[in-house]
Structure formats: structure tokens, C-alpha cells
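The structure appears below as C-alpha cells.
The values are calculated or read from the model by the stated rules, or taken from the named source; none is laboratory data. Note that the structure is a prediction, hence the values are computed from the model and not measured. Reconstructed Cβ throughout: ideal geometry from the backbone, glycine too, with neighbour counts over all protein chains shown.
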Amino acid sequence: MRNYLRRSCPTIALLLLIALSGCASMGTGTIAEKREAILTMQDTALAQLYREKPDTKAQLENAPGYAVFSNANVNVIFISAGTGYGVLNNQITGSKTYMNMAEGGVGLGIGAKDYRIVMVFHTLEAMDYFVSHGWTAGGNADATAKAGQKGVTYTGEGYFGDVTVYTMTESGLALQATVKGTRFWIDPQLN
């Protein structure tokens with residue numbers, strides 16, 4: 001059984017990533033409609049962040065830039081995978097860079113969740129590095145049981161050099177502890 005699980009994990013991870021790409025994809029629509037959907041998601045996520053942590057509004061206003069992402073994640077026993085999309089706002093130039101994301105990881109857990117990520121870049125160099133390289137690695141442990149406004153979840157906050165990252169769960173039922181890597185990249189269709 002142990003060997004079967006070890007051989008099956010990469011296949012399960014690939015199937016989860018394919019399944020999740022449909023959950024977090026922008027779907028059909030024109031480029032303008034997809035951009036508008038991302039900006040609406042961003043506005044909703046920022047309103048939630050400002051409600052839960054009012055001091056973040058000034059932090060974002062004074063930063064060279066920030067990014068907001070929507071992500072759907074599934075964890076089945078030893079494998080975690082997720083996909084999403086978002087936008088990076090360069091407050092120095094006023095430009096927006098539309099991006100995609102995918103993540104994969106290993107660890108114990110089960111469940112699925114839909115969550116938002118807000119990244120605050122405290123230096124122009126940190127923001128430029130993120131756009132150019134787009135990789136992050138880390139771990140997380142969380143417990144989520146939430147649907148709409150009902151339920152409980154832990155909202156996280158992390159500091160990575162010159163970047164502060166806030167996560168907010170929208171909905172899901174998950175109990176997990178994983179080590180994961182996340183890849184962010186520029187969406188060639190929306191830019």
C-alpha cells in the first residue's frame with residue numbers, strides 16, 4: 001500500500017491541478033471582462049482586509065505596490081495543489097500587471113478552500129523581483145470551516161523580506177499542514 005501511494009502521488013497532484021484550473025480560471029469572456037472581474041475581486045478582497053485590519057489601508061497607500069490574488073486550493077492526504085489569478089498594482093507608474101498563480105505541496109491534510117492573498121511590496125526592488133521571478137516557497141498550517149460569512153477560519157499574515165503577505169479565506173473546509181511552493185507569472189493574454 002505504501003509503494004502504491006508513493007507512485008500515485010504525482011498523478012493525484014496532476015489531476016488535482018487540472019481540476020483546480022477550472023475552479024480558479026477566469027472562464028470565458030473578453031479581455032476587458034476578465035480584467036474587470038479581477039479588479040472586482042481585488043476591491044472585495046481589499047474591503048475585507050481593511051475591515052479586519054484597518055491599519056493595512058495606510059500601509060498599502062504608502063507602498064510602491066501591492067498585489068491581490070484569488071486562489072482555490074485542494075488538499076488530499078499527502079498532496080496539495082491550487083491555481084489562481086490576480087493583479088499587481090504599481091503605485092509609482094500607475095500600471096497594472098495581470099498575473100496567474102499555481103501552487104503545489106506535500107504534507108498532511110484534507111479539504112478545499114477558496115482564499116485571497118494580498119501582498120504589500122515595501123520596496124520597488126521587491127516588487128520588480130516578484131514580477132521577474134514570481135516564485136515563493138513556504139509552509140502553512142490552517143484549519144478552515146467557512147461558507148460565506150458563517151464559520152471560522154484563521155487569517156494569516158507573513159513577512160518575507162520587503163513583502164508583507166495577508167491571506168483571507170472566503171470559503172472551504174480544510175485541515176492541513178503543508179510545505180509548498182507557489183509560482184506567479186504574467187498572464188500574456190490580459191497584459
Inset, instruction - Report, by residue number, each residue of the range 36-94 that is among the hydroxyl-bearing types (Ser, Thr, Tyr), under 22 Å from residue 128 (Cβ atoms) and free of Cβ contacts under 8 Å to residues at least 60 places away in the same chain. - result: 66, 93
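Among the listed residues 128, 114, 55, identify the single one that is at pLDDT below 90 and of a type in the set (D, E, K, R). Break it down into steps so the answer makes sense when it comes.
Numbers: 128 fails: at pLDDT below 90; 55 fails: at pLDDT below 90.
The match here is 114.
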Legend entry - Considering residues of the range 53-94 that are touching a strand residue (DSSP E or B) at 6+ places or on another chain (Cβ under 8 Å) and among the hydroxyl-bearing types (Ser, Thr, Tyr) only, the residue surrounded by the fewest Cβ atoms within 10 Å (Cβ to Cβ): 56
